[in-house]
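The values are calculated or read from the model by the stated rules, or taken from the named source; none is laboratory data. Given the structure is predicted, the values throughout are model-derived calculations rather than measurements. Don't worry about glycine lacking a Cβ; one is built from the backbone with ideal geometry, like all the others, and counts go over all protein chains shown.
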Amino acid sequence: MADNNKQPSKPNYMMGYSEAEQQCLSLRTAANNPAYLLPHLTPGMRLLNIGCGPGSISVALAAAVATGECYGIDLEVA
């Protein structure tokens, strides 16, 4: 029988960081972290983000190279 009272789970960053550390990581963006890189990115480029963690920066980098490709890899599953 299904448990209709169960709360939906939220995604979990698997490296085991506390909730406060996860919130800190989520504040990291391409605009405030690797801002020096943004002027060098153009649409259509291919980009590799090694050690991307939960991908909060990768998402913005992907937008900067839209129509191109952005890959984010990390040792841990996010």
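Could you please let me know if Ala62 is out of contact with any Ser or Thr (no Cβ under 8 Å at 6 or more places or on another chain), modelled with pLDDT of 85 or more and assigned to a helix (DSSP H, G or I)?
yes
Collect the residues in region 16-51 that are modelled with pLDDT of 85 or more and under 16 Å from Asp74 (Cα atoms), keeping them in residue-number order.
Leu47, Leu48, Asn49, Ile50, Gly51
Only residues that are in contact with a helix residue (DSSP H, G or I) (Cβ under 7 Å, 6 or more places away or on another chain) and within 15 Å of Leu25 (Cα to Cα): list them for region 39-71, please.
Scanning region 39-71 gives Cys52, Gly53, Pro54, Ser56.
Name the residues in region 31-58 that are part of a helix (DSSP H, G or I) and in contact (Cβ under 8 Å) with a residue 12 or more places away in the chain, would you?
Leu37, Leu38, Ser56, Ile57, Ser58
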